[in-house]
1. For the structure I just gave you, tell me whether E191 is surrounded by 20 or more Cβ atoms within 10 Å (Cβ to Cβ), among the acidic types (D, E) and not in a loop (DSSP other than H, G, I, E, B).
2. Inside region 311-365, can you point out the residues that are part of a loop (DSSP other than H, G, I, E, B), more than 16 Å from ligand 1 (Cβ to nearest atom) and surrounded by fewer than 20 Cβ atoms within 10 Å (Cβ to Cβ)?
3. Within region 349-366, is even one residue away from ligand 3 (no atom under 16 Å from the Cβ) and either without any contact (Cβ under 8 Å) to a residue 24 or more places away in the chain or touching a Cys at 6+ places or on another chain (Cβ under 6 Å) (or both)?
4. Go through G168, G231 for me and flag whichever is assigned to a loop (DSSP other than H, G, I, E, B), on the phi > 0 side of the Ramachandran plot and away from ligand 1 (no atom under 16 Å from the Cβ).
5. Which numbered condition in (1) of a type outside the set (A, V, I, L, M, F, W, C); (2) under 26 Å from L95 (Cα atoms); (3) modelled with pLDDT of 95 or more is the only one that H132 fails?
6. Just the residues that are more than 15 Å from the chain's Cα centre (by Cα), buried (at least 24 other Cβ atoms within 10 Å of the Cβ) and of a type in the set (G, A, S), please, taken from region 68-103.
7. Just checking, how many residues over region 66-86 are in contact with a strand residue (DSSP E or B) (Cβ under 9 Å, 6 or more places away or on another chain) and more than 15 Å from ligand 3 (Cβ to nearest atom)?
8. Mind checking which residues of region 68-101 are assigned to a loop (DSSP other than H, G, I, E, B) and either within 16 Å of ligand 1 (Cβ to nearest atom) or under 30 Å from G267 (Cα atoms) (or both)?
Amino acid sequence: MTVNASGRSVMERCDILGGYSEEPDCLTRPFASQSMRQANEAVAAWMQAAGMTVQQDKVGNLIGRYEASQAGAKTLLLGSHLDSVRDAGKYDGPLGVMVALACVERLHARRERLPFAIEVLAFADEEGLRYHSDYIGSKVATGTFDPEALHLTDAEGISMAEAIRAFGGDPDPEALQTARWHRDELLAYCEVHIEQGPVLEARNLPVGVVSAIAGQNRISMRFVGEAGHAGTVPMSLRRDALCAAAEFVLAVEAIAHSLPGLVATVGQVSVQPGASNVIPGQVTLSVDVRHQDDAVREQACRQLEERTREIGVARHVSFNWQILQGHRAMSCAPHLVGLLAQAIEEMGYPLLSLPSGAGHDAVTLSELTDVAMLFVRCRGGVSHNPAESVTMEDVEIAIQVLERFLLLLR
Ligand code: GLV
Ligand code: MN
Ligand code: MN
């Protein structure tokens with residue numbers, strides 16, 4: 001099998017997966033949805049054809065296993081996620097699963113086994129679109145899932161537990177808190193992902209090695225004021241939750257500007273009751289805060305909460321500040337970074353090592369084993385957007401680098 005055929009197949013498969021969506025005109029594939037079922041079925045068939053035994057675990061992660069050349073060998077984990085954000089691109093997540101699958105497919109075509117088993121993991125939720133609590137898939141796989149999350153409800157009021165059951169999984173909290181692997185059985189986890197930033201493109205490089213992943217908090221913020229008649233309540237007597245939220249959004253931006261390297265985003269706003277002639281009584285916002293340095297991120301969160309308190313007092317609205325999730329910044333394992341670097345340099349490309357501002361399943365996997373990541377250039381650094389784009393040539397290089405990494409690892 002030529003590398004061109006593998007690259008073409010990865011591109012075609014990303015196109016096919018891009019068609020599995022909950023919305024007719026764009027790609028939206030949330031956790032435990034019908035479109036996720038279609039994606040899992042397609043990927044399971046490709047895994048089987050590549051000589052892997054396939055299973056869907058208790059939360060809906062798809063796992064393809066390619067056995068080692070010898071019994072009792074350790075397992076190398078490869079993969080990424082198959083869920084998406086709303087109106088997504090085709091490559092954030094699926095590219096990593098498809099490149100991993102292509103490497104196994106190439107081993108299988110050569111009838112080659114390695115001294116370690118490979119499991120290709122297609123995680124069921126990384127983005128957190130449905131429950132705003134991300135990494136559900138990798139947290140369950142690593143036994144770090146907090147069963148409290150089972151009570152979260154989606155926009156239709158369906159709890160996570162119900163969604164898992166309807167998808168054919170098992171929402172038993174104990175089952176979900178049991179890791180699939182024991183630390184000693186694992187060799188490492190390596191994830192290929194689009195860069196989601198402009199650095200590789202600016203340096204004219206097809207791939208780069210990730211050094212570290214920024215720490216992150218996701219917060220749900222609610223201002224509660226008082227709904228009332230838009231025509232009769234005087235301005236001085238209003239407790240408008242949306243005006244408080246507007247001040248808050250600008251405060252998030254200002255605090256992010258004041259702390260170098262900090263990025264903070266309000267990506268969702270829900271206004272209640274949400275009518276043109278009613279003063280907003282309640283507003284719920286999402287806040288996403290990230291930094292490479294955990295101390296700076298924690299400081300930013302404290303400053304934001306304090307600013308929220310000030311806005312609430314000044315506007316006579318109450319607020320509720322709920323940290324939905326947080327993870328520390330994470331460093332990739334130096335020996336694995338070194339092997340990816342060697343693979344890239346052997347292919348004649350200059351080495352660039354870069355940090356990731358985006359979160360990845362590798363963050364969760366680092367609780368259990370050493371992790372590494374390979375970034376692939378994407379056009380304009382665009383992601384979380386249907387304009388996400390990679391070239392087949394870069395994908396071919398990513399396949400070759402990962403393949404070489406496998407051989408160096410043995
Ligand atoms: C995942 O893409 C994230 O970084 O939010
Ligand atoms: Mn993403
Ligand atoms: Mn991703």
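1. yes
2. Within region 311-365, H316, A333, M347, G348, Y349, P350, L351, L352 qualify.
3. no
4. G168
5. Of the numbered conditions (1) of a type outside the set (A, V, I, L, M, F, W, C); (2) under 26 Å from L95 (Cα atoms); (3) modelled with pLDDT of 95 or more, the odd one out for H132 is (3).
6. A100, A102
7. Residues meeting the conditions: 8.
8. Across region 68-101, the qualifying residues are L82, D83, S84, V85, R86, D87, G89, K90, Y91, D92, G93.
The values are calculated or read from the model by the stated rules, or taken from the named source; none is laboratory data. Worth saying up front: this structure is predicted, and the values here are computed from it rather than measured. Please note: Cβ atoms are built from the backbone with ideal geometry, for glycine as well, and neighbour counts cover all protein chains shown. Accessible surface is based on the protein model in full, side chains and every heavy atom, while ligands, DNA and RNA are left aside. Shrake-Rupley method; radii C 1.70, N 1.55, O 1.52, S 1.80 Å.
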